[in-house]
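The values are calculated or read from the model by the stated rules, or taken from the named source; none is laboratory data. What you see is a predicted model; the values in this text were computed from it and never measured. Quick reminder, even Gly has a Cβ in these numbers, built from the backbone with ideal geometry, and neighbours come from all protein chains shown.
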Amino acid sequence: MARDNKKEKKTFFDRMLDSIEYAGNKLPDPIVLFFMLCGIILAASFIAGLFKVSATHPVTGETVVANNLLDGAGIVDILTKMVTNFSEFPPLGMVLVMMIGVGLAEQSGFFDTLMKRSVIATPKKIIIPSIILIAIVGNVAADATQVVLPPIAATVLMAFGFHPMVGLIVAYASTTGAFSANLMIGMTDTLAAGFTESGAQTVDPNYQANPAMNYYFIAVSTFFLLAVSTWVTYKFTIPRFGSYTGEIETVTTVTSEESRGLKWAGISVAVFLVAVLAMILPENGILRNPETGSIIEGSPLMNGIVPLLTIFFLLPGLFYGLGAGTVKSSKDFGEMTGKAMSTMGPYIVLVFASAQFLAYFSASNLGPIIAIKGADFLESVGFTGIPLFIVFILFVSLINILIGSASAKWAILAPIFVPMFMFLDYHPAFTQALYRIGDSISNPITPMLPYLVLLLSFAKKYDKNMGLGTLISALFPYTIFFGIFWIILIVVWYLLGIPVGPEGPIHL
């Protein structure tokens with residue numbers, strides 16, 4: 001990892017970050033980690049089966065007994081169900097389908113131009129809040145925001161008289177630290193819901209999660225964290241870097257072709273939204289529940305949210321490309337969507353490994369047993385409610401520093417904590433909301449995100465002596481205050497009993 005070569009005495013904070021980085025780098029790749037976990041689960045099932053480990057289900061009263069997956073029947077199941085474990089894994093189809101739309105919007109240049117236009121056209125009085133809002137909402141663009149926005153923000157703020165490091169810091173901290181806040185449902189929601197569903201089905205086999213089940217909370221969080229990030233930027237970041245004496249750069253203007261592409265993209269989105277509203281607003285709208293008329297519960301709108309979101313991103317990506325000239329033929333369309341899908345190769349292998357892990361974990365009955373005994377222990381010591389929520393969020397945030405992949409973490413944690421919280425009468429959607437806070441707040445400072453190294457390379461452009469410790473120390477206030485205020489928000493939300501989203505109540 002790139003570092004400053006200058007000899008200087010390291011602070012306690014720098015040494016702590018060095019230790020975190022060292023420990024994180026010693027962890028195996030998430031794909032290898034899941035294969036290792038598969039071996040651990042098989043061995044644990046053998047030992048638990050040998051000692052006849054069991055627990056009493058608090059709802060049904062049935063005795064849940066650990067299954068040995070290494071006996072004859074278990075080995076046959078491992079071999080015969082390996083393919084279906086993978087092909088029927090809930091997040092796989094949802095994420096790959098959605099990637100078609102998001103990938104085209106990214107490859108055609110729509111996301112890049114939209115961010116550039118949004119930042120350039122913003123008045124100075126609101127430029128910093130605007131960059132923060134773009135950073136937060138830009139998470140629907142997958143990795144594009146972490147790569148594209150920080151250097152654009154640095155150049156724009158430089159032109160407004162701020163130090164360019166302010167732009168780098170605030171854009172990166174807001175897009176990574178507020179990773180689970182947004183005004184739109186995106187791939188992150190789809191991915192999380194799939195793992196939550198798998199975890200919840202160990203308790204309720206009929207449970208189905210929808211990607212929008214945290215929407216109310218993440219939408220409110222967007223504006224809440226916008227205010228927090230703006231305050232942190234003016235309170236800590238701007239004073240920290242002071243004035244800039246280097247060469248002032250300018251952002252390239254949006255070309256006439258790009259402007260035409262944005263116009264065509266905007267029209268396509270407007271037409272699509274009108275069409276969707278036409279299927280929702282009438283009392284007999286085809287996207288309503290045909291029996292109850294509900295737009296939310298059991299409706300085709302919620303059941304078809306992933307295809308609708310795919311179209312929502314696909315249309316502007318396509319029409320931007322046609323207008324801007326980046327998509328000139330069907331060949332370009334095929335190449336762009338194929339290129340976007342090719343980036344999913346590591347994810348597909350990760351899903352294969354995690355699908356086997358979750359299947360083994362479910363078949364062994366170790367998940368329900370751990371969840372039941374864990375819930376019994378928490379109840380016996382009176383550790384539920386708000387203290388439990390805070391500790392769980394902090395626990396996830398610490399794990400996040402060592403394992404940067406959100407899907408890898410939730411694939412490991414969901415089978416344990418979703419059932420455990422269900423036995424304590426908390427709905428899977430609420431547990432997922434707690435997880436997503438912890439998964440986000442430590443993102444700015446974790447060395448396990450590859451974009452931190454990229455940010456360091458951007459920073460060295462303005463300060464060749466910039467070191468990783470200095471960079472993370474500037475990002476640290478965002479992690480601290482995002483954590484404090486986001487925890488306060490979820491606690492108030494819990495006390496008010498507000499659902500975290502459609503089909504997402506606090507309690508079962």
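For the reader, a short list of remarks on this structure follows.
- Matching residues in region 459-490 - criterion: being touching a helix residue (DSSP H, G or I) at 6+ places or on another chain (Cβ under 7 Å), assigned to a helix (DSSP H, G or I) and over 21 Å from TRP231 (Cα atoms): ALA459, TYR462, LEU468, GLY469
- Residue match in region 471-482 (condition: surrounded by fewer than 20 Cβ atoms within 10 Å (Cβ to Cβ), touching a residue at least 24 places away in the same chain (Cβ under 8 Å) and polar (S, T, N, Q)): yes
Here is a yes/no grid of residues against (1) in contact with a Pro (Cβ under 7 Å, 6 or more places away or on another chain); (2) exposed (fewer than 14 other Cβ atoms within 10 Å of the Cβ); (3) in contact (Cβ under 8 Å) with a residue 60 or more places away in the chain:
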| site | (1), (2), (3) |
| --- | --- |
| GLY293 | no, yes, no |
| PRO300 | no, no, no |
| LEU309 | no, no, yes |
| PRO316 | no, no, yes |
| PHE333 | no, no, yes |
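- Condition met for THR255 (under 18 Å from the mean Cα position of the chain (by Cα), among the β-branched types (Val, Ile, Thr) and farther than 21 Å from SER354 by Cβ): no
- Qualifying residue in region 116-134 (condition: small (Gly, Ala, Ser), crowded, with 24+ Cβ neighbours inside 10 Å and farther than 27 Å from ALA359 by Cα): no
- Test: ARG260 is closer than 22 Å to GLY101 by Cβ, in a helix (DSSP H, G or I) and basic (Lys, Arg): yes
- Looking only at residues in region 376-387 that are within 15 Å of PHE430 (Cβ to Cβ) and part of a helix (DSSP H, G or I), the one that is modelled with the lowest pLDDT is GLY385.
- Residue in region 232-259 that is modelled with the lowest pLDDT, counting only those that are crowded, with 16+ Cβ neighbours inside 10 Å and closer than 30 Å to TYR320 by Cβ: VAL251
- Listed by first and then second residue, the pairs with beta-carbon distance under 8 Å, at least 6 apart or on different chains, first residue in region 372-397 and more than 18 Å from TRP410 (Cβ to Cβ) and of a type in the set (S, T, N, Q), second at pLDDT 70 or above and surrounded by 15 or more Cβ atoms within 10 Å (Cβ to Cβ), are THR384/LEU424.
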